[in-house]
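Asks: Have a look at this one.
Please treat every number below as a calculation from the coordinates, not as lab data. Small disclaimer: the values here were computed from a predicted structure and weren't measured. We place every Cβ from the backbone using ideal geometry, glycine too, and count neighbours over all the protein chains shown.
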Amino acid sequence: MALKSLVLTIAIMAVLSSMSHAGEPSPLQDFCVAVDDAKNAVFVNGKFCKNPMQVVADDFFESGLNVPGNTSNPLGSVVTPVNVNQLPGLNTFGVSLVRIDYAPYGLNPPHTHPRGTEVLTVFEGTLYVGFVLSNPGPNMKNKLFTKILHPGDVFVFPIGLIHFQFNVGKTNAVAFAGLSSQNPGTITIANAVFGSDPPISDDVLAKAFQIDKKVVDYLQSQFWWDNNI
Ligand SMILES: *[C@@H]1O[C@H](CO)[C@@H](O)[C@H](O)[C@H]1NC(C)=O
C-alpha cells in the first residue's frame with residue numbers, strides 16, 4: 001500500500017514537473033546556432049545546430065536596430081524583429097527582441113504572440129497600450145487593461161493575450177520589446193479572421209460577429225496589411 005502511494009506520488013510529481021516545463025526547454029549545451037540544412041549539423045533541438053567548431057561571433061550578432069522602420073503603410077507602424085530567423089545564435093535560448101516604429105496615430109493592431117510574453121519599453125513618443133484577459137472567471141471575463149506610456153515607461157503583455165499599441169502623439173514613436181521565445185509568432189486578429197487563406201466561411205463569421213454576411217464579404221475583400229516584416 002505504501003509502495004503504491006509512493007508510486008502514485010512520483011507519477012503526480014512527474015506530471016506536474018512536465019507541466020512546469022511547458023515553455024521552451026533550457027539549453028542542453030552552451031549554444032546551438034541554428035542552421036537551415038542538416039549538412040555539418042551536429043545536434044537537433046528545435047532547429048539543427050551548427051557545428052560548434054564552425055560557429056563565429058557573427059552568429060550571435062545582428063545590427064540595424066538603430067534604423068527606423070518604414071511606417072508608410074495603412075497601419076502606420078512596422079515591427080522589425082530580431083528572433084531566431086534573423087539571429088541564429090538565439091536558437092534554444094527562449095528570448096527575442098523587436099523594434100517597433102509608429103507614425104503619428106500609427107497602430108500596432110490587436111494581435112497575440114502564441115509562444116511569448118512581451119515586455120515593452122518606449123524610447124520616443126506616447127503610446128496608448130492595452131491587453132485583454134481571457135475569461136478566467138465570471139467577474140474577469142475579457143477585462144481590458146490599458147495605460148498611456150511615455151519614454152522610459154515599461155509595460156508587459158502576458159503570453160497569448162490580445163494586445164495593441166496606438167501612437168496617440170503628434171510625433172513618431174519608437175519602442176523596443178523583449179519576448180520570452182526565440183520564435184514567439186504573431187497572430188494579427190483582423191488578418192487571421194478576415195484575411196485567412198482560403199477565407200473562413202461567411203456563414204461562420206456572420207454568426208460569430210453577429211453581422212450581416214455582406215459586411216463579412218466586404219471585410220474579406222479588403223487587403224489586410226501585415227506590419228511584421
Ligand atoms: C516606404 O514605403 C513606401 C511604400 O511602400 C515607399 O513608397 C517608400 O519609398 C518607402 N520609403 C523608404 C525610405 O524606403
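Asks: For the chain, set up a GNM with springs between Cα atoms under 10 Å and report which of 177, 192, 208 has the largest fluctuation.
Replies: 208
Asks: Starting with the fewest neighbours, write out 180, 26, 77, 134 ranked by other beta-carbon atoms found within 10 Å of each beta-carbon.
Replies: Values: 180 17, 26 9, 77 26, 134 12.
Least to most surrounded, the residues fall as 26, 134, 180, 77.
Asks: If neighbour count is taken as other Cβ atoms inside 10 Å, put 211, 162 in order from fewest to most. Walk me through the intermediate numbers first.
Replies: On the way: 211 14, 162 18.
With the fewest neighbours first, 211, 162 line up as 211, 162.
Asks: Additional query: What spacing in nm lies between the two simple spin-label points modelled at residue 172 and residue 203, each 7 Å away from Cα in the Cβ direction?
Replies: 5.0 nm
Asks: Taking every eigenvalue of the Cα gyration tensor of the chain, multiplying by 5 and rooting it, what semi-axes result, largest first, whole Å? Provide the component values of the computation, followed by the final result.
Replies: Working: eigenvalues 230, 152, 79 Å².
In descending order, the three semi-axes are 34, 28, 20 Å.
Asks: Here's another thing I want to ask about it. What list of ³J(HN,Hα) values in whole Hz, one per residue of region 168-178 in order, does the Karplus curve 6.51 cos²θ - 1.76 cosθ + 1.60 (θ = phi - 60°) give from phi, with Gly and Pro shown as x?
Replies: Ordered by residue, 3J(HN,Hα) equals 8, x, 8, 10, 4, 10, 9, 9, 10, 9, x Hz.
Asks: Taking trypsin sites (Lys or Arg not before Pro) as candidate sites, keep only those in a DSSP loop with at most 13 other Cβ atoms within 10 Å, then name the longest stretch of the chain containing none of them. Working shown, then result.
Replies: Numbers: sites that count: 39, 141, 143, 170.
Result for the longest clean stretch: 40-140.
Asks: Moving on. Considering the options 52, 218, 67, tell which one lies farthest towards the positive end of the dipole of the chain, charges being +1 on Lys and Arg and -1 on Asp and Glu at the Cβ, about the Cα centre.
Replies: 218
Asks: Show me the chymotrypsin sites (Phe, Trp or Tyr not before Pro) within region 128-229 that DSSP assigns to loop and that have at most 10 other Cβ atoms within 10 Å of their Cβ. Could the numbers behind the result be given before it?
Replies: On the way: sites: 128, 131, 145, 155, 164, 166, 176, 194, 209, 218, 223, 224, 225; in loops: 223, 224, 225.
Listed in order of number, the matching sites are 223.
Asks: For residue 95, list long-range residues whose amide hydrogen, built 1.01 Å from N in the peptide plane, is under 5 Å from its own amide hydrogen.
Replies: Amide H to amide H, under 5 Å and 5 or more residues apart or across chains, residue 95 pairs with 181, 182.
Asks: If you stretched the chain out fully between residue 215 and residue 139, how much longer would it get, using 0.36 nm times the residue separation minus the C-alpha to C-alpha distance?
Replies: This chain segment gains 24.2 nm when fully extended.
Asks: Any idea what log10 I(q)/I(0) is at q = 0.11, 0.12, 0.23, 0.28 Å⁻¹ for region 98-162, Debye with uniform C-alpha scatterers and no solvent?
Replies: Once normalised to I(0) and log-transformed, intensities are -0.28, -0.33, -1.08, -1.38.
Asks: Something else: Would you compute the Debye intensity of region 77-190 from its alpha-carbon atoms alone, equal scatterers and no solvent, and pass along log10 I(q)/I(0) at q = 0.10, 0.13, 0.16 Å⁻¹ to two decimals?
Replies: -0.29, -0.48, -0.72
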